[in-house]
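The values are calculated or read from the model by the stated rules, or taken from the named source; none is laboratory data. Since this is a predicted model, take the numbers as computed values, not measurements. FYI the Cβ positions are ideal-geometry reconstructions off the backbone, even for glycines, and counts take in every protein chain you see. Please note that ligands, DNA and RNA were not included when accessible areas were found on the heavy atoms of the full protein model with its side chains. Shrake-Rupley method; radii C 1.70, N 1.55, O 1.52, S 1.80 Å.
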Amino acid sequence: MRFHTRKWVKPQDLNPNASLFGGRLLEWIDEECALYSIIQLENPRVVTKFMSEINFKSSASQGDIIEIGIDVVKFGTASLTLCCEVRNKMTRDTIITIDNIVMVSLDTKGKPHAHGKSRIEYVKDRLKD
């Protein structure tokens, strides 16, 4: 798992139980997956099509630092399937796992668009070309 982003849990991120609101966490995950997909597919028009079962394993509290990890499961013709794990940076406890998040590359008309990618590319590799 590659952990790309860290978030600091602030008062506005809490639910009435004073723990991290699940909807806020899903927002952060969706945004991170979109940014990752945009960079991998080299297309700014990427949308979330599907999220598999969301497994909340623990929580986070105000002041905690969490980190969002993403890995590629597979490349489709117009899609990129990712998996995600979020963990508490301090305790290393897993907060949430999602096995499949399908992101779809779109054309200028909003229709699925073949991206031509089949493997993870890193910026350093693109600079060599």
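Structural remarks
- In the chain, the DSSP-assigned H stretches of four residues or longer account for a calculated mean residue ellipticity at 222 nm of -6500 deg cm²/dmol, using -39500 (n - 2.57) per stretch and the full residue count as denominator.
- A simple spin-label model places pseudo-atoms 7 Å from Cα toward Cβ; at Leu26 and Gln12 they are separated by 2.1 nm.
- Hits among lysines - C-alpha to C-alpha of Lys10 under 25 Å, sequence gap 8 or more where chains match: Lys57, Lys89
- Where labels lie 7 Å past Cα in the beta-carbon direction, separation of Leu35 and Lys74 in nm: 2.8 nm
- Accessible surface of the chain, 1.4 Å probe: 51 percent of it comes from carbon and sulfur atoms.
- Net length available on complete extension from Met90 to Thr48 is 12.2 nm, with 0.36 nm assigned per residue and the Cα-Cα distance removed.
- With kT/(6 pi eta Rh) evaluated at 10 °C and eta = 1.306 mPa s, and Rh the Kirkwood radius from Cα pairs, the chain diffuses with a coefficient of 103 µm²/s according to Stokes-Einstein.
- Note on the chain: dipole from Cβ charges, positive end direction compared against Tyr36, Ile96, Ala18; the farthest Cα belongs to Tyr36.
- The range 1-84 - accessible surface per residue (Å², probe 1.4 Å): 54 Å²
- Links that overshoot a 21 Å alpha carbon limit, given the list Lys7/Lys111; Lys49/Lys117; Lys7/Lys117: Lys7/Lys111; Lys7/Lys117
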